[in-house]
Amino acid sequence: MSLLHWAVLAPFIMAVFVPVLRKKAALIHTGWFVLILPIVLFGTFLQYLPVTMNNNTVMQTAPWIPSLGIDFTVYMDGLSLLFALLITGIGALVVLYSIYYLSKTKESLHHFYVYLLMFMGAMLGVVLSDNVITLYMFWEFTSISSFLLIAYWYDRDRSRYGALKSMLVTVFGGLIMLGGFLVLSIMGNTFSIRELAARAPELNEHPLFLLAMILVLLGAFTKSAQFPFYIWLPDAMEAPTPVSAYLHSATMVKAGIYLVARFSPIFAFSGYWFWIVGAVGLFTMVWASFNAVKQTDLKSILAFSTVSQLGLIMSLLGIGAASLHFETLDDNIFTAAVIAAVFHLINHATFKGSLFMVVGIIDHETGTRDIRKLGGLMSFMPITFTLSVIGAFSMAGLPPFNGFLSKEMFFLSMVQLIELNLFNIETWAILFPVLAWVGSVFTFIYSMIIVFNVFTGKFQPEKIEKKPQEAPIGMLISPIVLASLVVVFGLFPNLLSYSLIQPAAAAIVPSIIPAGEQLDVHISFWHGITAELLMTIGVIAAGILLFKFMPKWGRVYDHFPGKVTLNQFYNSGLYAAERGSNAITNAYMTGFIRSYLVYIFTFFIAALGFTMWAKDAFRYDASAAAPIGLYEVCLIVVLLAATLTILMAKSRLTSIISLGAVGYTVSLFFVIFRAPDLALTQLVIETVSTALFLLCFYHLPKLSRHEEKRRFQAGNAIIAAGVGVIVTLLGISAHSSKFFPSINEYYVENTYEKAGGENMVNVILVDFRGFDTLFEISVLSVAALGIYGLIKLRLEKGGETNENE
Amino acid sequence: MINLPILPILLPLVAAVLLMFLSKSVKAQRIVSVIASAATVLAAAVVLLKVKADGIQTIDMGSWPAPFGITLVSDMLSILLVLTASIITLCVVLYSFGSIGSGREAFYYYPIVQFLLVGVNGSFTTGDIFNLFVFFEIMLMSSYVLIVIGGTKVQLRESIKYVLVNVISSAIFVIAVGFLYSVTGSLNMAHISTRISEISAEPIITVLAILFLIVFGLKGGIFPLYFWLPGSYAAPPAPILALFGALLTKVGVYAILRTYTLFFYHDQPFTHDILALLALLTMVAGSIGALAYKDVKQILIYNIIIAVGVLLFGIAVMTEESIAGTIFYLVHDMIIKAGLFLLGGIMIYITGTSDLNKMGGLIRQYPALGWTFLIASFALVGIPPLSGFTGKLLIVRAGFETGEYVGAIVVLLSSLAVLYSVVNLFMDVFWKKPEIPLPETKKQTASLFIPAAVLVILSVLYGVGTEVVYPYVMQAVDTLIHPEIYIDAVLKE
């Protein structure tokens, strides 16, 4: 266990102590204790910066299940470090923010911080694990802690709904992803990502390659809320706002991005990767930004905006993959896409994190997040307003904020796709920049909505619960820090270039970097009048126009029928699953033993009949059989007649007597087959049981059903006959397939000599197989106890129906 | 030769006989039950270590040499399951003190539980196919009594179905043993195995394989033979349900695992394909059932069926890896099902109902119960590092490796159905606002909660400590994959 292992485990350990702290130090907000941890971890991870800046890595292994190749291996490279810093950095800010957001007295803080710490540890585990199985484990932990956090106010129906939805979608993805990991492990014979990446060329040739890729991508797409799986994210907004800022914007939803980045060295050689990741990402970006505009809840806007931005990063990673696919190309162009992805990832964490906190403040201070109720808050909350301007303008891609730079790089990557005729892309290539542009226009619009609909316009005091005022300073610190980063990264992007971006990008596309060299990452504001700049100007122009005339065209949204949305699909799908399975189950679970026996015997006939037919298993060999004499024929006739009488009998008496007749006939068979002792036993049993039956039934009332004439049921008759036929055929075949001498020769030889008995059957019963007999006796005593209890004990009689008394 | 392997059968048998005479004193019954159960656990643990050190342990009963007498065989698989079953029984007995009620206690509840354990441990241990039938009988007879004891209306109604189905399945069992004896001329399982491998091409063997699958499938609750199960299992109270859910179906699965690795492994393209198909249908049918109900007992019962499907799929894939997964999963499922049913019993005890629509809000007063149940749920789903994971991992991986893609994916997706059903249950029972506010006074549940929690903790340890369990499981796998080890140990050739 190394320092990095402890860094991953520390939040879990801390989580154990949180309830104690909450109890022992109730006067101090628990958040203050928790805050220490992410700060310390952030500092710890910073120390790895010099290591990764030179494209070096650290790897340490602690064994867990070495027999199965499952170890807790931590692996630190540029990509992992970037995420680890985001997780702990944003984590610290969110904890600080939450101290002022969540009331010490009203909320059950210990739950909140336990879940939050569990999440932090899980997320660190995801980004630091080299072993896919431990990665999967932490992946599911993030889903679980997200579930718990969304359901934090668990007595609200919406919270539980959102929590379940997010868990179902993300765990579905996780399970499928596990399938992908297992396929990969079969292909590469290892669970280590690093070793898999080293074998990437041979994996590419493997027939299972595509299957593994699709399965892993499903995991990434569900987690990172890509189309069509994004539906869980808007509902996840039921969580407290600090959680939304942390999990559902800055970190957890980026786990999918991380996964795609991490597995790029393995999968990106494939053309499918480029298409799937690029196209899904881009479509998600446009779709979600389009949908964000129509939302009225500020958090919903941000949720859709997050989906859209994740799509943007995803599409960049897809395009960047082309640099691996075409080794002859000018690598710079495609590594530019990867660099843009990494850069935008950082930028998104900063501006979206601050925007979520701003929305939290608005919610906290006014009591609503509905933009139809809000307006004119600028004079009440000037600092919050400034923060929202910085965040939203950066999101819209306006200079001088960091969002402008990465948005420009995004456009550049899209435009370059046209210039390079890849994957026979000619006709489709133009779609990429067009969609990117359209998506950006909508992004611009909703960014403006966030700022102007809330802070300018008419103040509507009658619609909001509280009198708005500026938030306390503690709540403002975190968004101020993030907003400052937005500005700093915007003005001095090259602070990040070689410290964070280059190492992370290098980890995504390692194979194209010559040993000892680095990717060229230089980000600058001014490139001259280029296509991307023109696109940005176009976005601003079109965005302003559309924003101004929003009431005019906003009605287009009404034309989307509510019934065909994906949400509706999820809800009705789940409803149908419950209803449908209920209907199906009730249809066959009739509660009647008759139906169950019909199913069982039908299967019996079908399975055995089919096997006998398919295997041609019927054998008939009469050579060992004795001739059938007159006696046997007579007895069989009697047996059949007696059996039929039981079925037809109208009174109990007749059927009992017929039953006795069946038994006596069988005894007679024993007589003919020269087994007098068996015959005797059988006769005694038949006599006793018939007498007992008669005795019992004498006391029973007459059942009316027995008086009725029973209907003949053809189906039942066929099944009954079928079972008989199958057993008979099988019996004849088994009898005709005696391949070995029976072990009974041994008994014949040893009954007298070794066992000292004269009757072989008796000796078998009490000696050779006396063990059987012992337990058959036990069976009888159990039955006796049971009958005694059945007669004597009637729990319901005293009105006591509670099984637990 | 030592007589160790018989102890886990003999101890409960002696205890049962003793308990019959103590029916007047509930206190004495409780003490003897606990001591006997604990002693059985201990004995099983000793045998386990012995098997680990010295390999398969056998006893020829009455010193009649195999294959002529009855031979008990403790290989690693047997003794692992015996140990698990004994631990579960101990926990259930402890749980019963607080829940089963004085009426049942006075009417031979404890001796019957011991008899049930005799049947279960005997079924796992015996090396004789007819003796297996006998142990099935004692197990079934005990279960008939347990299902009916108390004589409530629902118990009487369901027990008649349960008894009828099982009597029929016993009849088929005898027929199957008879036919097998006719073909192979032996009852000793090792002996049968050698003889079958000499005539492996004979089609009658394949037919017998299917016949035995039906026999054991009826016990194990596989598709389409499980229909009797949900109704019957829901009738008795929680501790009995826990015993049934954890032990009875698993004995059926064990018997399939044993016969399909020892006898019927010669025509795998046919038999194991049918097995795989049935496994998938079982998982699907179980998932459908688990989603269909809003009832604590029903949801958990249908989860039994899903697990049986997973296990069956592991057997069907039939590689070293998948068999290892099956054994991992089998032990896990026994422990966690017992734990879940006991926890479910506590919820029913608190609320007085098993209808989810009428429950709610328990988390405030019973947080420990809630979180334990949630952890157990995640273990059931197979979230690492909890206990269900390793088994599922190996089964799914083996499935992919042998080209059973659909099956492997279905196993993964069945986990989703499990997750949905149990998390929904958790949210309804613990989080949802109850329709009728809960009474302010908390019910005393500690005596019920502790045995249940012990099982859940055990399951967690089993998952985290996979590495410790691994060599044991692999020893069990070795015997199953190489039947000659088993045969040599029994016939001592």
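Which one of B:Pro236, A:Ala506, A:Leu27 is farthest out on the positive end of the charge dipole of the protein assembly as shown, using unit charges on Cβ (Lys, Arg +1; Asp, Glu -1) and the Cα centre as origin?
A:Leu27
Return the long-range amide H neighbours of A:Thr73 (sequence gap of 5 or more, or a different chain), with a cut-off of under 5 Å between placed amide H atoms.
Those qualifying (amide H under 5 Å, at least 5 residues apart or on another chain) are A:Ala62, A:Asp130, A:Asn131.
Arrange A:Ser497, A:Ser511 by Cβ neighbour counts within 10 Å, fewest through most, would you?
Sorted ascending by nearby Cβ count, the order is A:Ser511, A:Ser497.
Over 24 Å between Cα atoms, which of A:Lys299/A:Lys548; A:Lys254/B:Lys392; A:Lys650/B:Lys153; B:Lys337/B:Lys392 qualify?
Over 24 Å Cα-Cα: A:Lys254/B:Lys392; A:Lys650/B:Lys153.
Tell me, what is the percent relative contact order of chain A, built from C-alpha pairs under 8 Å that lie six or more residues apart? Spell out each step's value before the answer.
Numbers: 1089 pairs, mean separation 80.5, N = 805.
Result for chain A is 10 percent.
Going down the table (A:Lys23/A:Lys223; A:Lys106/A:Lys373; A:Lys223/A:Lys458), which pairs top 30 Å between alpha carbons? Walk me through the numbers before you get to the answer.
Working: A:Lys23/A:Lys223 35 Å; A:Lys106/A:Lys373 26 Å; A:Lys223/A:Lys458 39 Å.
Pairs exceeding the cut-off: A:Lys23/A:Lys223; A:Lys223/A:Lys458.
Would you mind checking B:Lys24/B:Lys250; A:Lys754/B:Lys52; B:Lys358/B:Lys443; B:Lys294/B:Lys442 for any pair whose Cα atoms are more than 28 angstrom apart?
B:Lys24/B:Lys250; A:Lys754/B:Lys52
On a 0 to 90° scale, report how tilted helix A:652-672 is relative to the longest principal axis of chain A, with both axes built from alpha carbons and the result rounded to the nearest 10.
70 degrees
How big is D, in µm² s⁻¹, for chain A by Stokes-Einstein at 10 °C and 1.306 mPa s if Rh is the Kirkwood radius over C-alpha pairs?
49 µm²/s
To the nearest 10 degrees, how steeply does helix A:431-448 sit against the main Cα axis of chain A, on a 0 to 90 scale?
70 degrees
Can you run phi through the Karplus equation (6.51, -1.76, 1.60; θ = phi - 60°) for segment A:106-120 and list ³J(HN,Hα) in whole Hz, with x for Gly and Pro?
Ordered by residue, 3J(HN,Hα) equals 7, 9, 8, 4, 4, 4, 4, 6, 4, 4, 5, 5, 4, 5, 4 Hz.
Just name one of A:Ala583, A:Gly663, B:Leu278: the one whose Cα is farthest towards the positive end of the charge dipole of the protein assembly as shown (beta-carbon charges, Lys/Arg +1, Asp/Glu -1).
Farthest towards the positive pole: A:Ala583.
If you filter segment A:24-110 for trypsin sites (Lys or Arg not before Pro), then keep DSSP loop positions with at most 15 other Cβ within 10 Å, what is left? The partial results should precede the final answer.
Working: sites: A:Lys24, A:Lys104, A:Lys106; in loops: A:Lys104, A:Lys106.
Answer by residue number: A:Lys104, A:Lys106.
Using modelled backbone amide H atoms (1.01 Å from N, in-plane), which distant-in-sequence or interchain residues come within less than 5 Å of B:Thr126's amide H?
Close amide H contacts, sequence-distant or interchain: B:Val73.
Please report the spacing between the Cα centers of segment A:459-512 and segment B:332-409 in Å, no decimals.
About 41 Å separates the Cα centre of segment A:459-512 from the one of segment B:332-409.
Normalised by the residues of segment A:655-703, what does the relative contact order come to in percent, with Cα pairs under 8 Å and at least six apart?
Computed over segment A:655-703, the figure is 40 percent.
What angle do you read, to the nearest 10 degrees and between 0 and 90, between the alpha-carbon axis of helix A:473-491 and the longest principal axis of chain A?
Taking the Cα atoms of chain A, the angle to A:473-491 is about 70 degrees.
Mind checking segment A:406-502 for trypsin sites (Lys or Arg not before Pro) that DSSP puts in a loop (not H, G, I, E or B) and that have at most 11 other Cβ atoms within 10 Å?
Hits after loop and neighbour filter: A:Lys458, A:Lys466.
Amide H to amide H under 5 Å from A:Ser224: which residues, 5+ apart in sequence or cross-chain, H placed 1.01 Å off N in plane?
The list, which skips near neighbours in sequence, is A:Gly256.
Under a point spin-label approximation (7 Å from Cα along Cα-to-Cβ), what is the A:Val725-B:Asp355 distance to one decimal in nm?
According to this spin-label approximation, the distance is 4.7 nm.
Report the relative contact order of segment B:226-356, percent, no decimals, based on alpha-carbon pairs under 8 angstrom and at least 6 residues apart.
Across segment B:226-356, relative contact order equals 35 percent.
List, in order, the whole-Hz ³J(HN,Hα) value for each residue of segment A:53-67 obtained from phi through the Karplus relation with A = 6.51, B = -1.76, C = 1.60 and θ = phi - 60°; use x for Gly and Pro.
4, 9, 6, 8, 9, 10, 9, 9, 10, 10, x, 10, 10, x, 4
Which value at 222 nm does chain A reach when only helices count, each DSSP H run of 4 or more adding -39,500 (n - 2.57), with the total divided by all residues and rounded to the nearest 500 deg cm²/dmol?
Helices in chain A give a 222 nm mean residue ellipticity of -22500 deg cm²/dmol.
Can you give the Rg/Rh ratio of segment A:593-754, where Rg is from the C-alpha atoms and Rh is the Kirkwood radius?
Over the Cα atoms of segment A:593-754, Rg/Rh equals 1.04.
Looking only at other chains, what is the average number of their beta-carbon atoms within 10 angstrom of each beta-carbon in B:199-211?
Whole-number average of other-chain Cβ neighbours for B:199-211 is 6.
For segment A:351-356, in order, what is each residue's ³J(HN,Hα) by Karplus, 6.51 cos²θ - 1.76 cosθ + 1.60 with θ = phi - 60°, in whole Hz (x at glycine and Pro)?
6, 6, x, 5, 5, 4
All of the numbers you see were taken from the coordinates with simple rules; none came from a lab. Since this is a predicted model, take the numbers as computed values, not measurements. Please note: Cβ atoms are built from the backbone with ideal geometry, for glycine as well, and neighbour counts cover all protein chains shown.
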